[in-house]
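Below: one structure, written as structure tokens.
The values are calculated or read from the model by the stated rules, or taken from the named source; none is laboratory data. All of these numbers come straight from a predicted model, not from anything done at the bench. Reconstructed Cβ throughout: ideal geometry from the backbone, glycine too, with neighbour counts over all protein chains shown. These accessible areas exclude ligands, DNA and RNA; they are computed on the full protein's heavy atoms, side chains included. Shrake-Rupley method; radii C 1.70, N 1.55, O 1.52, S 1.80 Å.
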Amino acid sequence: MGAQIRVYRQKIKSTSSMKKIFKAMEMIATSRINRARQRSNAAGPYANALTRAVTAVASQTSISHPLINRGGESRRSAVLVVTSDRGLAGSYSANVLKKAEGLIERLRREGREVELFLVGRKAQQYFEFRDRPYEQLWTGNTDNPDVETATSIRDALLGRFEVPYEEGGVDDMHVVYTEFLSMVSQEPKILRMLPLQVVEARDLGEEILPGTELESADYENEALFEFEPSAEDVLDALLPRYVATRIYACLLQAAASELASRQRAMKSAGDNADELVKKYTRLMNTARQAEITQELSEIVAGADSLAS
């Protein structure tokens, strides 16, 4: 019986230590969520301004830019999948990968080839385990993305978009990421990145800043502009910046979602550890009570034997 009590004491000690770790990770995630949300909100106005600028140029000219309009049927698609580098975030990465698999299946049913670009070690592990190739990988800062990473992704994707299909180019590009709606709600989402559809500029702006309703007047340009040297040159300068900004906004949304999922998972793990400690304490007390009862019974039995 004493050995059983020692086992329960050891379990209580180890579970209590794990609870402290879970609590620390929960507090770290909680403190970083606000910073991630502030970065996302700070980047939103710049992305919206670029959206309005691109709309102003494209809607007032009759030019056909390859990043806006691309004729012909799509034969090869690029899919950027944004997951996390680390685990202990509940079903965050699993939900993104499930969404990506649905998109890949739909594109292949439509007769398109699919080329994968991955963000996060969880996506890397998922596809490598299944022996499925990918074109390029970015890891190391999924919960704290920077502009340099977004620019690197932009360059890789545009590099494939600007070459013909026969030379290995892609006809359209999609991003699968997680949109941060609130501390308790994050939703995996598919964003069609290229070719751009500027007629939906207001909707794109609301995607950059979830939970906001933008006025249509902000995206209506009644004035006519003259472009120097040309509208094509303006778009050549604006569109790469626009794509990088949209990718950066997706990474920031994904980072906030990852931290919120980790905070929620660690809180749940801490609560479960509390329940385990209570359970082991109850079992240990029951075992101790049984041991005491047995010792008393032996003492009484010995006394009766001596008295007789």
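When you scan segment 138-168, how many residues do you find that are in a helix (DSSP H, G or I) and loosely packed, with under 15 Cβ neighbours inside 10 Å?
Of the residues in segment 138-168, 7 are in a helix (DSSP H, G or I) and loosely packed, with under 15 Cβ neighbours inside 10 Å.
Does residue 257 satisfy the criteria of being in contact (Cβ under 8 Å) with a residue 60 or more places away in the chain, assigned to a helix (DSSP H, G or I) and either open to solvent by less than 80 Å² (accessible area, probe 1.4 Å) or among the aliphatic types (A, V, I, L, M) (or both)?
The answer is yes for residue 257.
Quick one: count up the residues across segment 1-57 that are of a type in the set (A, V, I, L, M), closer than 26 Å to residue 279 by Cβ and free of Cβ contacts under 8 Å to residues at least 40 places away in the same chain.
Here the count works out to 5.
Taking the stated definitions as given, is residue 135 over 28 Å from residue 234 (Cα atoms), in contact with a Lys or Arg (Cβ under 9 Å, 6 or more places away or on another chain) and either open to solvent by 20 Å² or more (accessible area, probe 1.4 Å) or modelled with pLDDT of 90 or more (or both)?
Here the answer is yes, as residue 135 does meet what is asked.
Among the residues in segment 178-191, are any among the β-branched types (Val, Ile, Thr), part of a helix (DSSP H, G or I) and modelled with pLDDT under 90?
no
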